[in-house]
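Undergrad: After the structure tokens below, expect a handful of questions from me.
All of the numbers you see were taken from the coordinates with simple rules; none came from a lab. Because the structure is predicted, anything quoted here is derived from the model rather than measured. As a convention, Cβ positions derive from the backbone with ideal geometry for all residues, glycine included, and neighbour counts pool all protein chains shown.
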Amino acid sequence: MRNGIAIIDIDRHVMEPMGLWPEYLPAKYRDVAPDVRPLAPPDEPLGARLARLGDHALLPTPPVVTVGGKPICRGMTEVGYIEVGLHAEEHRRELIAAETAAGQLATMDAAGVDVAVLHPTYTGFLVYDEEIDADRSRAYARAYNRWLADQCRRDPTRLKGAALISRHDPAQMVADLDAGLADGLSAAVVRPNPVRGRTLGAPELGPFFAACEANDIPLLLHEGTHTRVQTAGASRFQTHFAQHACSHPLEAMMAFLALLEGGVFERHPGLRVGFLESGCGWLPYWLWRLDEIEYAQLSNEVSGRVNRRPSSYFRRQCWIAFEPGEAMLAHSVGAIGEDRVVFGTDFPHVDHDPTIVARLFDGGAPLPGEVLRAALWDNPARLMGLSEAARPRGA
């Protein structure tokens with residue numbers, strides 16, 4: 001709690017320790033467990049490094065997570081790794097804290113966060129890799145989910161794990177969800193991208209959405225740049241700068257459209273969906289375009305699947321996370337609906353400021369008090385299905 005306001009961090013990340021894989025992966029997959037290896041060529045002469053990297057040559061290239069010596073991230077340049085590594089050094093304490101439940105709770109206390117929904121960092125890259133088969137993808141997800149559940153058991157009232165679900169084989173998604181829920185996890189998280197040619201609107205995913213609805217748990221959509229699936233920007237740009245700029249907002253936009261156009265919202269009115277780490281400024285325009293141009297002129301084409309204005313589906317069953325520094329944030333929130341915005345720190349990732357919670361309450365607070373109070377507790381509590389009893393005393 002901070003300034004008398006209870007806080008749910010809807011988008012907080014763990015840093016998966018390498019030791020989880022020998023303990024939690026089935027024996028048959030331990031030879032493809034991830035490890036950490038140097039990226040730079042060994043014993044490379046300085047002249048060759050200067051020729052290859054220019055001004056970045058004198059900066060260290062951090063080791064990277066690999067499987068069989070192959071980096072798990074697709075299309076990440078060495079200069080990109082160096083830039084990210086420089087920022088990671090500034091977040092060293094947070095990155096270490098994110099490896100354990102005790103570290104999570106201590107940093108939550110320091111920031112004033114009461115409840116956190118925990119997401120993976122690099123496991124999403126292992127699971128969402130179209131170059132591996134479905135059984136291996138599911139094995140990575142199952143191992144991670146079991147480890148995460150054990151972490152959350154340290155304080156289940158404050159640590160809520162989101163089960164990472166592989167989409168390689170839609171026929172297995174319900175079983176994988178059931179396993180995560182049986183372990184005590186509180187939500188399902190998937191990548192928004194197409195996977196093996198299937199968008200989120202593909203009919204094969206229908207039983208999974210029905211299971212989320214029946215179990216009264218939210219579906220959380222969270223993108224990750226350089227994943228080995230089809231990603232907005234990856235076919236056009238080479239730099240991390242450009243791919244990271246495109247992937248999160250554009251994949252979120254198309255994910256909403258896939259769920260809409262595929263009839264998922266129409267068939268599953270009780271399904272709750274959260275859009276994370278994409279900002280919210282794009283949403284008023286996107287809903288306006290879908291309402292006033294597409295639905296107004298082309299609704300007959302999607303009759304039966306889209307039977308109301310797209311914005312009404314969003315306001316019925318979706319939530320979106322905002323960034324404190326977004327331009328025209330208060331106007332965007334007003335257009336989206338004050339009851340439809342939530343907040344996530346993205347802790348401990350290097351593209352977010354460790355003081356992000358404090359910035360919500362400083363002299364230039366981005367949202368007025370009652371709107372902020374709703375965004376930090378009331379709205380995410382509804383998304384997550386938390387009862388009023390979960391609210392801290394005095395909030």
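Undergrad: What shape does segment 22-105 have by the C-alpha gyration tensor, where a ≥ b ≥ c are the square roots of the eigenvalues, rounded means a/c under 1.5, and otherwise prolate means a/b greater than b/c and oblate the rest?
TA: Since a/c reaches 1.5 but b/c is at least a/b, the shape of segment 22-105 is classed as oblate.
Undergrad: Tell me, how many Å apart are the Cα centres for segment 251-306 and for segment 161-182?
TA: 24 Å
Undergrad: Once you order the gyration tensor axes a ≥ b ≥ c over the Cα atoms, which shape class does segment 101-243 get: rounded for a/c under 1.5, otherwise prolate or oblate by comparing a/b with b/c?
TA: The shape class here is oblate.
Undergrad: What ranking of Val264, Val350 emerges when the number of other C-beta atoms within 10 Å of each C-beta is taken as an exposure proxy, fewest first?
TA: Val350, Val264
Undergrad: Another question, if that's okay. Report the full-extension gain for the segment Gln238 to Arg382: residue separation times 0.36 nm, less the Cα-Cα distance, to one decimal in nm.
TA: Separation in residues times 0.36 nm, less the Cα-Cα distance, equals 47.9 nm.
Undergrad: Quick check: residue separation of Arg267 and Arg308 times 0.36 nm, minus the Cα distance between them. What number comes out in nm?
TA: That works out to 13.5 nm of additional length.
Undergrad: Residue separation times 0.36 nm, minus the C-alpha to C-alpha distance between His331 and Asp133: what's the value?
TA: 66.8 nm
Undergrad: Could I ask something else about it? Let me spell out the model: positive unit charges on the Cβ of Lys and Arg, negative unit charges on the Cβ of Asp and Glu, origin at the Cα centre of the chain. What dipole size does that give, in debye rounded to 20?
TA: For the chain, the charge dipole is close to 560 debye.
Undergrad: Between Arg236, Arg191, Arg167, which gets the highest mean-square fluctuation from a Gaussian network model of the chain, Cα cutoff 10 Å?
TA: Maximum fluctuation in the GNM of the chain, among the listed residues, is at Arg236.
Undergrad: Next question, about the same structure. Just Leu46, Leu105, Leu329 to compare: in a GNM of the chain, with alpha carbon springs under 10 Å, which one fluctuates most?
TA: Leu46
Undergrad: In segment 137-156, which residues have a backbone nitrogen under 16 Å from the label point lying 7 Å from Ala102's Cα in the Cα-to-Cβ direction?
TA: 151-155
Undergrad: Distance in nm between label sites at Tyr285 and Asp109, each 7 Å beyond Cα in the beta-carbon direction?
TA: That separation, rounded to one decimal, is 4.4 nm.
Undergrad: Comparing Pro269, Pro45, Pro192, which has the greatest mean-square fluctuation in the GNM of the chain with Cα pairs linked when under 10 Å apart?
TA: Judging by the Gaussian network model, the answer is Pro45.
Undergrad: Ok, one more. Using Cα pairs under 8 angstrom and six or more residues apart, how large is the relative contact order of the chain, in percent?
TA: In percent, rounded to a whole number, it is 20.
Undergrad: Still on this structure, I have one more. What ranking of Met15, Met328 emerges when the number of other C-beta atoms within 10 Å of each C-beta is taken as an exposure proxy, fewest first?
TA: Going from least to most buried by this count: Met328, Met15.
Undergrad: Relative contact order, percent, of segment 1-93 when contacts are C-alpha pairs under 8 Å separated by at least 6 residues?
TA: Normalised by residue count, the contact order of segment 1-93 is 23 percent.
Undergrad: Now for a separate question. With runs of 4+ DSSP H residues as the only contributors, calculate the mean residue ellipticity of the chain at 222 nm using -39,500 (n - 2.57) per run, divided by the residue total and rounded to the nearest 500.
TA: Only helices count here, giving -10500 deg cm²/dmol.
Undergrad: Taking square-rooted eigenvalues a ≥ b ≥ c of the alpha carbon gyration tensor, is the chain rounded, prolate or oblate, where a/c under 1.5 means rounded and, failing that, a/b exceeding b/c means prolate?
TA: rounded
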